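Q: Structure in structure tokens, see below.
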Amino acid sequence: MASDFDPTEFIDGDFETQKSPFASPAGIHQRAPTLQEVDSKVLEQHQRLAELKKAQEEKERELASLEETRRRQMEFQTGRQELVHNLTRALGLLEEAEFSARRDAEQMAKALVDLREALTKIEAIREESWSGENFHVELTRSLTTLENARMEWNSARLKFPVLSAQQPQENGTAAPDGSPSLSSLASLPFGKLCRIGLGLTWPLAIVGLVILASLLTILLRR
């Protein structure tokens, strides 16, 4: 009995699909690749790899350039915002300080004029020109000048703290530690403070009594 024969049973399908690039056309016996053909294929693959590597390097350079541009743009944006904020704040503070300084300078200029005028009036007093007839009048006028000058001095000290700083002695050294201060005076009893005040003001009291007596004498003579 004749059996059915199937020629496809002896054909490997996987082998047929994985043919060598050097395979011959259908119907022709496959031959082995030559050394020159393999070298050519290797050289071709190396060239393709070199081209791909070159393209990759070019893309990497473009990416690095874009990242640097982005970094500089961010630096520009951040720097501009920071400087706009700082400069705006600085302008406001300096304008306020300038206005305050200009106001203080105007007050200081006025104080300088008043202090110079007070000093001129004090230096203009000539005791040697007083006579017996105008002694009391000139003395009263001079005391008034001194009192006005003292008021200008105290007003200037309140406005300008630099005038209230500790003044050095004539020899350039600071005042001794034993000199009385406001804190030490405040700790003294009331009776002792009264005695100190009387000791400091008795010359003025005597001058006042002399002036009063002189005025009473003038009135009685009239």
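The values are calculated or read from the model by the stated rules, or taken from the named source; none is laboratory data. All of these numbers come straight from a predicted model, not from anything done at the bench. Here the Cβ positions follow ideal geometry from the backbone for every residue, glycine too, while neighbour counts run over all protein chains shown.
Q: In segment 27-85, what residues are surrounded by 10 or more Cβ atoms within 10 Å (Cβ to Cβ) and either in contact (Cβ under 8 Å) with a residue 40 or more places away in the chain or of a type in the set (V, I, T) (or both)?
A: Correct list: T34, V38, V42, T69, T78, V84.
Q: Tally the residues that are closer than 21 Å to T217 by Cα, among the small types (G, A, S) and loosely packed, with under 13 Cβ neighbours inside 10 Å, restricting the search to segment 121-160.
A: Here the count works out to 2.
Q: For the subset of segment 109-136 comprising residues that are part of a helix (DSSP H, G or I) and at pLDDT below 90, which member is nearest to the chain's Cα centre (by Cα)?
A: Only one residue tops the list, namely E127.
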